Amino acid sequence: MRKMKHTFANKNINILTRTNATKMTSATIIQDITKTQNITKTGSILLKSCILILTLALAFALSISDASAKKKTYTVTPATKPLTKPVNFANSVDYNKYTKHYFMLRSYLEQIERDGGGKLVLKKGTYNISNSLCIPSNTTLELSDGVKLVKLNTSGKARFKAAGGMIHFVSPKVFNAKNKTIGGYKGVRNVKITGKGTATIDLKNIKDAMGMMIAHSKNVTIENITFKNMNNNHFIELNSTDGAVINNCTFTGVHGSSAFYREAVNIDTPDKVTGGLNIFWSKDDKTICKNITVENCTFTKLNRGIGTHKYSQKTVGGETVNCAHENIVINNNTFDTIYDYGVFMENWTNVTFTDNIFGNIKNVDNHKGLCVGFRGVTRPFTFTGNDFGDCYVTDVYRADGDTLYYLPFRNDATKSFYEPIYNDLGVETLTELLMMNEGY
């Protein structure tokens, strides 16, 4: 504004000078002054516009701050009762010693959804979970040191059967509606489940039980939790998700009757043909996983650590297209006492596999097992800094003299009739793998 005044003052001086020197007519002077006034008016309008923009920006920032401030933190213990509004689950005919923790936690998670997000802190103790808890968007679930989430296989009610999945990453409203489906990456987002100290999720070897079902989600973090006692399913089903980090977790213990291909962390697509996901709230739209990181984790006494065991394909313009999971990072993990594969990559592309440690990889008849399986893995591919101990790295070998031989792969014909998939790792990577194997 000072510059405007300065300009205006200079203009007046010029007018006086020109008037004294040339005796300008009054009409000319008036015209010059009018121009000056217009300049001043324009500057004033610009100033007002700037002030308006700044005011709106400040109001927007404050609204965000207020919205964040309104997001509450709730703290519960195993003795906490369910919230009483809008529904008091303690009055449900299904509320009993088996379901009380489920109904209590459900009441708080549904309140967090009504709040638009928030944090739920579980204090030390054992929480018995009979049915599926639903995690809404913008939620942090914190398991304090000493928390145990324990799966139950009964609800104590024939009419209200216990569920297989402990935690679903889905809106409670969608889950409870029973007639809605989610596709793409349009499900919950910005969810974090974090543990402290000895926080544990224990599936108690209940057949087909699952710890977490994550699908159609974005921006998910799972960290600092020990997962125990899996039986014929997965600790984590990571499906149709964009942006997930699993960090500093321990996965341990598989029941002897579990299928050999049951991974602790399964990366999959929702596909009716293969049976991938197969949950009522998900569309079978073959949405891939992308931008996935598993790091600083320990996998022990399992059939498989991380992997995919069925792949999907689509037809686009008459051409078959692989629904390949992309941008997968497996970094700085330890795999010990694994009975099938440490990591089974299937239909993955743009993989970073670095600084992982393998030991005691043996199959059920005590022969050397395989650290890594490759099925339809394509470049770019980064494979460095890994320690395979005395284990075979993978099933690549020589045939017909010096020819590198690698089998293509196809889903079980009883499950799907998709086209075979092929590896494209590059000759240098395949040669490196072969040299590693021949060292044993």
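A short reminder: the numbers here are calculations on the coordinates, not readings from a lab. This structure is a prediction, so every number in the text was calculated from the model and none was measured. FYI the Cβ positions are ideal-geometry reconstructions off the backbone, even for glycines, and counts take in every protein chain you see.
In the stretch 196-310, inverting the average of 1/r over every pair of distinct C-alpha atoms gives 14.1 Å as the Kirkwood radius. Counting beta carbons within 10 Å around each of Y95, Y341, Y261 and listing the fewest first gives the order Y261, Y95, Y341. Along its three principal directions, the equivalent ellipsoid of the stretch 73-438 from the Cα gyration tensor extends over semi-axes of 37, 22, 18 Å, largest first. Entry for the stretch 295-381 at q = 0.20 Å⁻¹: log10 I(q)/I(0) = -0.90, Debye formula applied to identical alpha-carbon scatterers, no solvent contribution. Taking the centroid of alpha carbons for each part, the stretch 192-231 and the stretch 282-343 are 17 Å apart. By the count of other C-beta atoms within 10 Å, a proxy for reagent exposure, F388, F299 are ordered fewest to most as F388, F299. Counted by neighbouring Cβ atoms within 10 Å, the residues D355, D285 run from fewest to most as D355, D285.
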